[in-house]
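The values are calculated or read from the model by the stated rules, or taken from the named source; none is laboratory data. Note that the structure is predicted; figures quoted are calculated from it, not measured. Cβ: placed from backbone, ideal geometry, glycine included. Neighbour counts: every protein chain shown.
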Amino acid sequence: MVKAFQVLDGVYQIDTTPREDVPISKAFLVVDKEMALIETGPASRNVEVVSAIRDLGFNPAEVSYVVPTHIHIDHAGGAGLFAQQFPKPRVVVHETGARHALDPSRLLESTRQTFGDKFDEIYGDILPIPADRAWIIKGGETFSLGAGHEFKMVHTPGHAPHHFVVFDTKTGTLFAGEAAGNYHEEIDVYTPAAPPPAFDPEDSIRSYEVIRALNPTALLYSHCGLITDVERALSEAAESAKGMAEVALAALKAGGDKEEVTKALQGYISERIAAGPKGKRFSPEQREALARRSVRMAVAAYTIYFKRKGMVT
Ligand SMILES: [Zn+2]
């Protein structure tokens, strides 16, 4: 039985996590006169997502819009399959990611390289989004599900160049994907959601400002769910993005290798944990271990970013 429940008025959260050893992820079904599915999760969770929609009392064949916030496999991996199963929905893709969404062969190859042999077993195949069903956007486009839920899609690069957020102008809820950073509940710390190879901290910080300017009342993150302290989330994600950039760059400029960049980022996050609301709960050793876990992806992401910018060799 998939975990699915109502998280806000007319909004249902569906768990799309493929396995316990990979990050938790979620999709959201928004129900009005019409329905939108924001994120699909990977193709390996298709059966569970479709049955969760039925268990919630809705007909998946009636979904009008499938809206993955970006084309990473844990968000959009199941979008092609869903579109091939059900003839109704349009699938929204930002123009920057459209080529890979319509022909996922290269995306599939690079994702396989990242995840290795476990890939197919965990995430399943990526099927192409049929070209006549794709709605390729630039950002700024809108759609309505009825009187209660109207959406504006806003381009928010940083986590990935093809990332956009889905803002419900009627309720103030913003489906953030990973564009508002990442919340690490255990340590009560926000960081940028920083995956290699295309992460850009400066674009991320600009995107946090774009989100702030929309004045959302709540954020729905596709990994950690509902966040209502919007101001704290955005300002701390921006602080972390800047702070992590500074310490990673300093370590790289000093000739640091992967382990030294890891130590620098780990030290920075450990200090944030100590200064944060849960700081007193952990011993320095526990803080170090938790911080190390939270920066695993960021080490490669920042290293590749500064090399791409020509700031280190
Ligand atoms: Zn992502």
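Values for this structure:
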{"item": "Only one of Met244, Met297 that is at pLDDT below 95, part of a helix (DSSP H, G or I) and under 21 Å from Ile205 (Cα atoms)", "result": "Met297"}
{"item": "Filter pass, Ile187 being in a helix (DSSP H, G or I), outside the structural domain of Glu39 (by TED's automatic domain parsing) and in contact with a helix residue (DSSP H, G or I) (Cβ under 7 Å, 6 or more places away or on another chain)", "result": "no"}
{"item": "Filtered residues of region 60-91 (kept if within 16 Å of the ligand (Cβ to nearest atom), among the aliphatic types (A, V, I, L, M) and more than 15 Å from Pro195 (Cβ to Cβ))", "result": "Val67, Ala79"}
{"item": "Scope region 82-121; condition at pLDDT 90 or above, in contact with a Pro (Cβ under 9 Å, 6 or more places away or on another chain) and part of a helix (DSSP H, G or I); matching residues", "result": "Phe82, Ala83, Gln84, Gln85, Thr96, Gly97, Ala101, Leu102"}
{"item": "All positions within region 1-25 that are in a loop (DSSP other than H, G, I, E, B) and closer than 17 Å to Val63 by Cα", "result": "Gly10"}
{"item": "Single residue of Phe164, Phe151, Phe143 found to be within 16 Å of the ligand (Cβ to nearest atom), buried (at least 17 other Cβ atoms within 10 Å of the Cβ) and modelled with pLDDT of 95 or more", "result": "Phe164"}
{"item": "Enumeration of residues in region 250-275 that are surrounded by 15 or more Cβ atoms within 10 Å (Cβ to Cβ) and not in a helix (DSSP H, G or I)", "result": "Gly256"}
{"item": "Count of residues meeting criterion [more than 16 Å from the ligand (Cβ to nearest atom), over 22 Å from Glu202 (Cβ atoms) and either of a type in the set (A, V, I, L, M) or in a strand (DSSP E or B) (or both)] in region 168-183", "result": "2"}
{"item": "First in region 178-205 and farther than 11 Å from Met297 by Cβ, second anywhere and charged (D, E, K, R) and part of a helix (DSSP H, G or I), Cβ under 8 Å, 6 or more apart", "result": "Gly181/Glu236; Ile187/Arg287; Val189/Glu236; Val189/Arg272; Tyr190/Arg232; Tyr190/Glu236; Pro201/Lys242; Ile205/Lys242"}
{"item": "Count of residues meeting criterion [among the charged types (D, E, K, R) and touching a Lys or Arg at 6+ places or on another chain (Cβ under 8 Å)] in region 241-260", "result": "0"}
